[in-house]
1. Using the Karplus equation 6.51 cos²θ - 1.76 cosθ + 1.60 (θ = phi - 60°), what ³J(HN,Hα) coupling, rounded to whole Hz, does each residue of the stretch A:70-75 give in order, writing x for Gly and Pro?
2. With angles folded into 0 to 90 degrees, how steeply does helix B:111-130 sit against the dominant principal axis of chain B? Use alpha carbons for both and round to 10.
3. Could you calculate the contour length gain from A:E4 to A:V229, that is, 0.36 nm times the residue separation minus the distance between their Cα atoms, to one decimal place in nm?
4. Residue by residue through the stretch B:252-257, which ³J(HN,Hα) values in whole Hz follow from phi under the Karplus form 6.51 cos²θ - 1.76 cosθ + 1.60 (θ = phi - 60°), with glycine and proline marked x?
5. Given R₀ = 35 Å, FRET efficiency for A:A26-A:V85 by Cβ-Cβ distance, to 0.05?
6. GNM on chain B, C-alpha springs below 10 Å: top fluctuator among B:A117, B:A45, B:A172?
7. Going by C-beta contacts inside 10 Å, put B:W4, B:W10 in order with the fewest on the left.
8. 5 Å is the cut-off here: which amide hydrogens, built 1.01 Å from N in the peptide plane, fall below it relative to A:S93, excluding neighbours closer than 5 in sequence?
Amino acid sequence: MMLEVKAVGKRFGGLQALKGVTFMLAEGEILGLIGPNGAGKTTLFNTINGVFRPDTGRIIFRGEDLTGQPPWEAAKRGMARTYQVVRPLNELSVLENVIAGACFGRHALSVRKAAVVAAEVLEMLGLSKQTCQPAGSLNVAEKKRLELARGLAARPYLLLLDEVLAGLNPSEISGMVDIILKIRDSGITILMIEHVMQAVMKVSDRLIVLDDGELIAEGRPSEITNNPVVVRAYLGDPRDAERLMAGGRA
Amino acid sequence: MKRWYQAGFWLPVAIMLAWGAAVWAGGEDAAREKAFTLIMFVGLASSLNILLGYTGYVSFGHIVFFGLGGYMGFYLMAVCAWSLPLAALAGGVVSALIAGLLGLAVLRLRGAYFALATIGVNEAARSFVSNFEPFGGSTGMSLNFSVYQQYGGAGKALWLTFALMVAVTASAVLVSAMIKNSRFGLGLLAIREDEDAAMVMGVRTPRAKTIAYMASAFFPGVIGTLYFFKNGNVEPGDAFQLHMSIELLVMVMLGGQGTVLGPLLGAVTYQGMRGYMLTSPLFKDLHLAVAGAVLLLIVLFVPAGLVGWLRGYFPKLRRALE
């Protein structure tokens with residue numbers, strides 16, 4: 001098993017952000033993580049890779065218990081992530097960003113070897129022309145690809161993608177979807193948070209749905225779309241409206 | 001990224017060594033005294049740059065390591081009769097160790113909180129040393145004139161101190177270049193740009209920051225020992241001057257933070273300006289005010305400093321300047 005998340009809970013003051021979340025992720029799988037805004041998706045990512053320490057539960061990565069380990073330990077064992085709001089190292093060049101990803105990733109490469117890996121990854125993501133530019137000067141779509149490049153350069157086993165499609169136009173989305181499938185075919189397991197439903201339905205082997213910190217559904221994309229619990233989480237309960245119209249209480 | 005066999009890598013080190021050699025060959029005391037101060041500031045600014053320019057932590061208390069290391073080295077020479085090179089080395093090691101311990105506490109802070117804590121550390125060190133009897137309390141310590149005999153008299157001792165200062169500063173510049181072009185340095189740059197992202201990328205940030213802090217504290221300790229040996233005495237007022245910390249910041253920012261050559265250019269330019277102002281009847285009491293104004297102008301208009309400005313205007317220089 002690539003990743004086992006067991007009954008993970010996380011509380012911030014009065015807010016129970018995660019309530020006993022449990023799921024598994026098999027090697028080579030693309031698992032989509034969806035849910036309304038504020039459901040706790042990014043918190044779940046941060047708990048998986050060690051930015052937050054879970055209050056309860058365990059994180060098992062490739063058979064090894066990573067619960068409470070700092071994020072660089074997860075990175076060294078082969079877990080990489082991208083951010084919803086891109087976080088490039090602005091003053092460094094595109095190439096240096098990706099070299100940094102390779103240097104501190106799973107293989108802990110020397111700068112020289114990292115440069116070779118970085119060039120390959122940049123080529124794959126179509127950023128070869130921008131290598132010497134400062135990362136801060138890229139446009140949004142390029143920055144998203146740079147984030148992905150930095151993650152890939154670490155040669156991870158598992159890639160956590162936080163809304164890589166957000167803010168892209170339709171043609172950029174389809175380009176990115178192709179890249180994601182290519183990454184999976186290269187043998188990397190993917191856990192992705194996504195709001196662009198069509199795309200996430202298309203690429204995911206399986207989906208899990210988080211609402212208010214709780215896992216409310218799990219299944220193949222076709223099963224999820226017809227699941228009344230999921231529809232209710234996203235759109236509210238249709239019967240509530242009927243009751244309101246009838247003058248009753250919701 | 002530069003490799004050790006590229007010319008740009010060695011340029012700043014070569015400048016320092018050539019400069020030192022030229023003054024040595026000239027053999028004039030006045031020229032030596034002037035160069036001593038300049039080169040000392042190049043060394044101090046280069047060491048500050050490791051923390052400020054590479055790691056992105058603004059320290060207002062860099063001079064505390066000059067003071068503490070200097071005091072320690074001076075104590076070893078005055079009381080334990082150690083030789084100058086050994087005492088200077090010990091001063092550096094003590095500074096680095098103190099930075100390692102301090103780092104456990106202050107490196108958890110970021111941004112303005114870190115900057116404020118470093119001011120506190122400087123003032124605390126000054127008060128401590130002022131009341132620490134083995135270091136002579138508020139009156140400090142002085143060297144017995146006979147100490148100079150082992151170096152062949154006071155004149156020769158001063159030239160020896162100068163040579164050591166050149167060597168130490170050249171080493172500081174070399175270490176700065178090595179860090180900048182290494183995997184470790186890339187980790188520091190990642191911390192400067194986005195510490196949380198660096199952590200998630202796999203940089204062991206607490207360790208990297210501590211090593212950077214220790215490296216940046218080592219050189220001021222060595223330099224402090226050399227400086228106070230040259231003066232022949234040390235006292236709290238000279239050792240922990242907050243305004244020197246601020247002037248070092250101005251030098252690094254002026255030359256270009258995060259570049260190897262920047263602190264060198266910045267220190268020489270700032271000292272030149274300061275020398276002019278101190279002798280000019282109009283500005284003689286205003287040099288710190290002018291330093292403040294210069295810092296403000298740099299931050300507003302040339303945040304990349306002299307080196308960044310040159311690189312921007314002359315793309316051909318990019319390969320050489322780093």
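Only the coordinates and a few stated rules stand behind these numbers; no lab work does. Everything numeric here is computed off the predicted structure, so don't read it as measured data. When we count neighbours, we look across all protein chains shown, and the Cβ atoms used for this are built from the backbone with ideal geometry, even at glycine.
1. Rounded to whole hertz, the list is x, x, 5, 5, 4, 4.
2. 10 degrees
3. That pair, A:E4 and A:V229, stretches by 78.6 nm at full extension.
4. For the stretch B:252-257, the Karplus-derived couplings read 5, 5, 4, x, x, 5 Hz, x marking Gly and Pro.
5. FRET efficiency, A:A26 to A:V85: 0.75.
6. For chain B, modelled as a Gaussian network with Cα springs under 10 Å, the answer is B:A117.
7. B:W4, B:W10
8. Correct list: A:A135.
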